[in-house]
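Chemist: Got a structure for you, written out below as structure tokens; questions coming shortly.
All of the numbers you see were taken from the coordinates with simple rules; none came from a lab. Worth saying up front: this structure is predicted, and the values here are computed from it rather than measured. A quick note on method: Cβ atoms are made from the backbone with ideal geometry, for glycine too, and the neighbour counts reach across all protein chains shown.
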Amino acid sequence: MSDKKLWSGRFNQPTDAFVEAFTASVEFDQRLYRYDIAGSIAHARMLARSGILNEQERDAIVGGLEKIRERIEAGAFDWSIALEDVHMNIESALTAEIGYAGKKLHTGRSRNDQVATDIRLWLRDEIEALRQSILKLQHALLDIALREAATIMPGFTHLQTAQPITFGHHMMAWFEMLDRDRERLADCNKRVNIMPLGAAALAGTTYPIDRHYCAQQLGFERPSENSLDSVSDRDFAIEFSAAAALIMMHLSRMSEELIIWSSAQFAFIELSDSFCTGSSIMPQKKNPDVPELIRGKSGRIFGHLISLLTLMKSQPLAYNKDNQEDKEPLFDCVDNVKGSLKIFADMIPAISCRRDNMRAAAMKGFATATDLADYLVRQGSTFRDAHEIVGKAVARCVEKACDLSELSLQELQAFSPGIGKEVFDVLTLEGSVAARNHIGGTAPNQVRAAIERARKRLTNQ
Ligand code: ARG
């Protein structure tokens, strides 16, 4: 294959060697080869159907491209920096392979619509893969939520014990976060799955092309409406990165909780050894490296979102070479989000819950104080008065270093004479969670119902 530049006609001087390497994208965009070839095959078939190529030319091009794909897949393709990018590498190899007909492939298109098409085809597949990874993690969460539907732990606000909840309820909160992430990706895909091919360099082409036929072959929803917009905007990539950033934001929150919960001070859960590492100096250490790393990776994904926004900002229509810089952040987003989701889906089922510790922690911190206030309201108090009374009872407990449930009936009656012995039902952890018995509440039967609804939702999609 010759390294002769496909655009060298009007040039007298060779490209400066450093400029050549600096402007090339082949080292990273070769990853689009499959989509580049699929786009070229669809384009060639369309050209033949529109009478721009004859059938022999079409067949030679399609056959040649398939051969090149096999060669790439076998690791036997020689990528050339001099040929700049994946598009010109493949086109050059095609001409080397089949001769004259290869030089006709680029009729009626440009690398500008070609690259926009390739990225969209690639991203569409990656979005689907990411949605499947999220789904797998969601199923893992449903399983653990069901197992721990009645496991009591302290619920926190400000990381201070607030009210008792169940661990299953907490897992279902994670489930919901991920459900929105999955939906966001599907929504983003509606705007990704539009075909730029046919926009050519920027203005469209003089050949009688059939964009609908290309779109149909490539599984696009429809051809794009405006050629200038098609080759220039990368808003779909920015939107995807925003969805990726939100996924990582969620995973960072989950990671943080796993890290806190697995600390000796909390000891709510045990992470499997397979997801932790030791210390080279402190023999006792078992570090939650995997969730820490995922928490850290959220930073680079947020960075990619900002890179892409900044890349696009103020760009005049239509294509500018700036856009070559869209690929590395995008690729890195996909790789790291996919990896993080995969690891999470494997890590979650391997969590063991230390139920006694969770329970003991829920016993501390007056987690049932709101329940006592609600009890007083049922007895006729206003909520504000009840709040005041319970506050005083809590102060007494702090003095005595005991829990509300450990005060005697007489002691409680000193704060509100109408309190009866049934008060102890609401002061227990089980009573407290069971009482939050409405859709979205933490009562174990509500958690189980939420799991059932969630399973239906997942299977109906
Ligand atoms: N490698 C280029 C990119 O990624 C392909 C399009 C180049 N087009 C151009 N006119 N320079 O954006």
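Chemist: Could you please rank MET172, MET177, placing first whichever residue has the fewest other Cβ atoms within 10 Å of its Cβ?
Modeler: On the way: MET172 24, MET177 18.
Lowest count first: MET177, MET172.
Chemist: Run the dipole for the chain about the Cα centre, Lys and Arg Cβ at +1, Asp and Glu Cβ at -1, nothing else charged, and hand back the magnitude in debye, nearest 20.
Modeler: Details: 55 positive and 62 negative charges, 126 e Å.
It works out to roughly 600 debye.
Chemist: Counting C-alpha atoms alone, how compact is segment 113-156: give Rg to one decimal and Dmax as a whole number, in angstrom.
Modeler: 18.5, 57
Chemist: Now, a different point. Tell me which of ALA17, LEU65, ILE52 sits at the most positive position along the dipole axis of segment 1-65, charges placed on C-beta atoms (Lys, Arg +1; Asp, Glu -1).
Modeler: ILE52
Chemist: Can you pick out the pairs among LYS364/LYS392; LYS136/LYS285; LYS5/LYS321; LYS67/LYS342; LYS4/LYS103; LYS313/LYS342 whose Cα atoms lie more than 22 Å from each other? Intermediate values should be presented prior to the final figure.
Modeler: Working: LYS364/LYS392 17 Å; LYS136/LYS285 30 Å; LYS5/LYS321 17 Å; LYS67/LYS342 33 Å; LYS4/LYS103 13 Å; LYS313/LYS342 33 Å.
Table pairs above 22 Å Cα-Cα are LYS136/LYS285; LYS67/LYS342; LYS313/LYS342.
Chemist: Could the peptides 385-397, 368-380 be put in order, highest first, of the mean number of other beta-carbon atoms found within 10 Å of their residues?
Modeler: On the way: 385-397: 16.5, 368-380: 19.4.
So the peptides 385-397, 368-380, ranked by packing, come out 368-380, 385-397.
Chemist: Helix 33-49 against the longest principal axis of the chain: what's the angle in degrees, Cα atoms only, rounded to the nearest 10?
Modeler: 50 degrees
Chemist: Follow-up. Using a 10 Å cut-off on Cβ atoms, rank the peptides 398-405, 344-351 from the highest mean neighbour count down.
Modeler: Numbers: 398-405: 13.4, 344-351: 19.1.
The peptides rank, most packed first, as 344-351, 398-405.
Chemist: Enter the angle in degrees (range 0 to 90, nearest 10) between the Cα long axis of helix 289-312 and the first principal axis of the Cα atoms of the chain, meaning the one along which they spread out most.
Modeler: Helix 289-312 sits roughly 50 degrees off the main axis of the chain.
Chemist: Now for a different question. Specify which residue in the list ALA145, ILE134, GLN114 is farthest towards the positive end of the charge dipole of segment 102-149, using unit charges on the beta carbon of Lys, Arg (+1) and Asp, Glu (-1), about the Cα centre.
Modeler: So the residue we want is GLN114.
Chemist: Separate question: What is the Cα centroid distance between segment 182-255 and segment 17-82, reported in whole angstrom?
Modeler: 21 Å
Chemist: To the nearest 20 Debye, how big is the dipole of segment 321-461 about its Cα centre, given +1 on the beta carbon of each Lys and Arg and -1 on that of each Asp and Glu? Mind showing how you got there, number by number?
Modeler: Details: 20 positive and 20 negative charges, 95 e Å.
Rounded to the nearest 20 debye, it is 460 debye.
Chemist: Now a separate question. As a test of the formula, what do you get for the chain when each DSSP H run with n ≥ 4 contributes -39,500 (n - 2.57) and the sum is divided by the residue count, at 222 nm and rounded to the nearest 500 deg cm²/dmol?
Modeler: On the way: 19 runs with 279 residues, N = 461.
Dividing the helical sum by the residues of the chain leaves -19500 deg cm²/dmol.
Chemist: Starting from 0.36 nm per residue, how many nanometres of slack lie between LEU6 and ALA186 once their C-alpha separation is accounted for? List each step's numbers first, then the result.
Modeler: Details: separation 180, 0.36 × 180 = 64.80 nm, distance 3.81 nm.
Residue separation times 0.36 nm, minus the Cα-Cα distance, leaves 61.0 nm.
Chemist: With angles folded into 0 to 90 degrees, how steeply does helix 369-378 sit against the dominant principal axis of the chain? Use alpha carbons for both and round to 10.
Modeler: It works out to around 70 degrees.
Chemist: Moving on to the next point. Compare the peptides 37-46, 423-432, 319-328 by average per-residue count of other Cβ atoms within 10 angstrom and give them in order, highest first. Write out the running numbers ahead of the final one.
Modeler: Details: 37-46: 23.4, 423-432: 18.9, 319-328: 17.1.
Result, highest mean Cβ count within 10 Å first: 37-46, 423-432, 319-328.
Chemist: For segment 151-299, with only Lys/Arg (+1) and Asp/Glu (-1) charged at the beta-carbon, what is the dipole magnitude about the Cα centre, in debye rounded to 20?
Modeler: Values: 13 positive and 18 negative charges, 36 e Å.
Around 180 debye, computed over segment 151-299.
Chemist: Taking only C-alpha pairs under 8 Å that are 6+ residues apart, what is the relative contact order of segment 63-198 in percent?
Modeler: Working: 110 pairs, mean separation 33.5, N = 136.
With pairs under 8 Å counted, the relative contact order is 25 percent.
Chemist: Treat the chain as a sphere of radius equal to its Kirkwood radius over Cα pairs and apply Stokes-Einstein at 4 °C in a medium of 1.567 mPa s; give the translational diffusion coefficient in µm²/s, rounded to a whole number.
Modeler: Numbers: Rh = 26.4 Å.
The calculation lands on 49 µm²/s.
Chemist: Now for a different question. Nearest 5 is fine: what % of DSSP beta bridges in the chain come out antiparallel, could you say?
Modeler: Working: 9 of 11 bridges.
Bridges in the chain that DSSP calls antiparallel: roughly 80 percent.
Chemist: Something else: With a point put 7 Å past each Cα toward its Cβ, work out how far PHE424 is from GLU325 in nm, to one decimal.
Modeler: Result: 7.0 nm between the two label points.
Chemist: Answer with one residue from GLY418, ALA393, THR370: the one whose Cα lies farthest towards the positive end of the charge dipole of segment 370-461, charges on Cβ with Lys, Arg +1 and Asp, Glu -1.
Modeler: THR370
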